[in-house]
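A.B. asks: Dumping the structure here so I can ask a few things about it.
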């Protein structure tokens, strides 16, 4: 990495977020120039980093991140204004859900298919699915694009700190966490779990669903598994660095 970040605040957080954007694009979990990730940078979470309005995830660099204030609606009229739906969703979330330090919203294919089903629950049919046992909020009340009112409504559904994934009915997925690494790791594994479930449904065969007690035990074991999220992101950044990527500039 060069010295680009020497005079830019929250540089390491910006680098981590840029890496998450690049890998989300590489895994084809993004959607054109829509979707948005954010990371709180003050104690109460109301100031946060976010991707620039309608920039493709595959091009985003650490220095491109904008700083947004959830308590300042006039942010939308500034020269580096975020996408209005991004401000509505993430502003409401960071303002009303203090434990949502990082938030990632995208329209990844399998999570969105799950969000399109009449029953959007994810049964514990494999280890990845167990990760999310009793840890998912299902939003049944899609109300159009996520402008401010819709963002506040979604934020109000994150009342249980144990539940850090929202299947946004008819929309996509919203994942929260403590750090970029924590949140991206959860986003990655939820998409993999949703893919396993959707592909299993496509066989038309009966599902082998694990007992609740086994699913909960597995979820707890995975939650306490040491450093998987940090190591995952570190490896992704190492790959980007070896390829000569400009994400950290």
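A.B. asks: Would you mind ranking 191, 150 so that the residue whose beta carbon has the fewest other beta carbons within 10 Å leads the list?
C.D. replies: With the sparsest Cβ surroundings first, the list reads 150, 191.
A.B. asks: Can you give the angle from 0 to 90° between the axis of helix 212-223 and the longest principal axis of the chain, with both taken from C-alpha atoms, to the nearest 10?
C.D. replies: Compared with the principal axis, the helix lies near 30 degrees.
A.B. asks: Sticking with this structure for a sec: Please state the equivalent ellipsoid semi-axes for the chain: what are the square roots of 5 times the Cα gyration tensor eigenvalues, largest first, in whole Å?
C.D. replies: 29, 21, 16
A.B. asks: Something else: Taking the Cβ of each residue in 13, 31 as the centre, tally the other Cβ atoms inside 10 Å and list the residues starting with the fewest.
C.D. replies: Least to most surrounded, the residues fall as 31, 13.
A.B. asks: Compute the length gained on full extension between residue 205 and residue 220: take 0.36 nm times their separation in residues and subtract their Cα-Cα distance, giving the result in nm to one decimal.
C.D. replies: Gain on stretching residue 205 to residue 220: 2.5 nm.
A.B. asks: Do the sum for the chain: with -39,500 (n - 2.57) for every DSSP H run of n ≥ 4, divided by all residues, what is the mean residue ellipticity at 222 nm, to the nearest 500 deg cm²/dmol?
C.D. replies: Calculated mean residue ellipticity at 222 nm is -12500 deg cm²/dmol.
A.B. asks: Going by how many other beta carbons lie within 10 Å of each one, how would you line up 38, 245, 108, 224, fewest first?
C.D. replies: The most exposed by this proxy come first: 224, 245, 108, 38.
A.B. asks: Which value in nm describes the separation of the simple spin-label points at residue 116 and residue 26, placed 7 Å from the Cα toward the beta carbon?
C.D. replies: Inter-label distance under the simple model: 2.7 nm.
A.B. asks: So how tilted is helix 84-96 from the main axis of the chain? Cα-based, degrees 0 to 90, rounded to 10.
C.D. replies: Around 80 degrees separate the two axes.
A.B. asks: At a 10 angstrom cut-off on C-beta neighbours, averaged per residue, how do the peptides 203-212, 16-25 rank from highest to lowest?
C.D. replies: Per-residue Cβ counts within 10 Å, averaged per peptide and sorted highest first, yield 16-25, 203-212.
A.B. asks: Could you check the spin-label model distance between residue 12 and residue 55? Points 7 Å from the Cα along Cα→Cβ, value in nm.
C.D. replies: Distance between the two pseudo-spin positions: 2.2 nm.
A.B. asks: Among the DSSP beta bridges whose two residues both lie in the chain, what percent are antiparallel, rounded to the nearest 5?
C.D. replies: Looking only at bridges with both residues in the chain, the antiparallel portion is about 85 percent.
A.B. asks: Using Cα atoms only, what is the angle between the long axis of helix 11-26 and the major principal axis of the chain, expressed in degrees (0 to 90) to the nearest 10?
C.D. replies: 50
A short reminder: the numbers here are calculations on the coordinates, not readings from a lab. Quick caveat: nothing in here was measured; it's all calculated off a predicted structure. Here Cβ is always computed from backbone atoms with ideal geometry, including for glycine, and neighbour counts include all displayed protein chains.
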